[in-house]
Amino acid sequence: MIVLSTDHRGYDLMQKIKKYLEKLGLEYISVGANSFDPTDSYATYTLKANDIVAQNEKNIGIYLCGTGLGTAMGANRNKHIRAVLCDHPKYAYFGRKHNNANVLVMPANYVSFGKAKRIIHTFLSTDFEGGRHIARLEEISK
Ligand code: RB5
């Protein structure tokens, strides 16, 4: 299951991402935000989405906020979440391959929809390499 979360800054990009995922035939659930209303907080949505992603190792999250910074910080507060902030496909590639990331965070203010699609495609199609990276990830999960 793909879990979507954004604050008001990412609302517009997230609407486009939803359509993109639907076109790919991928199911998702969205915890919000549901408008451009600036009172919506990235913290609230991030923590809600974290709880759902953490329920199953196969779940992944796609989270947005203006810079992605606050959301990435909030996402990584949960010890079952491995969130990477990506503004380029290469980060999504290594985030999956080396860090087994289960949450992709993007800065809605700084990525176009076209770039976001390339980042999402890379994140979804790259497998964790395992091997030497396993012990490193275990160490930071203690
Ligand atoms: C909202 O104004 C902004 O602070 C938020 O989207 C994000 O960039 C926080 O890290």
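Per-structure values
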read-out	value
Exposure proxy ranking, count of Cβ atoms within 10 Å, fewest first, for Ile60, Ile120, Ile140	Ile140, Ile60, Ile120
Rounded tilt (10° steps) of 11-23 against the dominant C-alpha axis of the chain	70 degrees
Beta bridges per DSSP with both ends in the chain, % antiparallel, nearest 5	0 percent
Degrees separating the helix 132-141 axis from the principal Cα axis of the chain, which is the longest one	60 degrees
Interatomic Cα distance distribution for the chain, bins of 10 angstrom, percent	13, 47, 33, 7, 0
Candidates Gly70, Gly25, Gly61, ranked by Gaussian network fluctuation over the chain, Cα under 10 Å, top entry	Gly25
Cβ-based exposure ranking for Leu85, Leu104, in which fewest neighbours within 10 Å come first	Leu85, Leu104
Extended-chain gain in nm, criterion 0.36 nm per residue less alpha-carbon gap, Ile134 and Arg77	18.5 nm
Helix 42-53 vs. the chain, principal-axis angle (Cα, 0 to 90°, nearest 10)	50 degrees
Under 14 Å, Cβ to Cβ, from Ala33 - net charge with Lys/Arg +1 and Asp/Glu -1	-1
Candidate lysines for bridging to Lys18, where Cα separation is under 24 Å - those fewer than 8 sequence places away on the same chain excluded	Lys48, Lys58, Lys90, Lys115, Lys117
Sequence of His121, His8 once ranked by neighbouring C-beta atoms within 10 Å, starting from the fewest	His121, His8
Selection from Cys65, Thr122, Tyr110, by position along the positive dipole direction of the chain (Cβ)	Thr122
Within-13-Å neighbourhood charge of Val84 [Cβ basis; K, R +1; D, E -1]	+3
Dipole moment magnitude, nearest 20 debye, the chain about Cα centre, only Lys, Arg, Asp, Glu C-beta charged	380 debye
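FYI, it's all coordinate maths here, none of it is from the lab. Quick caveat: nothing in here was measured; it's all calculated off a predicted structure. Ideal geometry is used to build each Cβ from the backbone, glycine not excepted, and the neighbour counts take in all protein chains shown.
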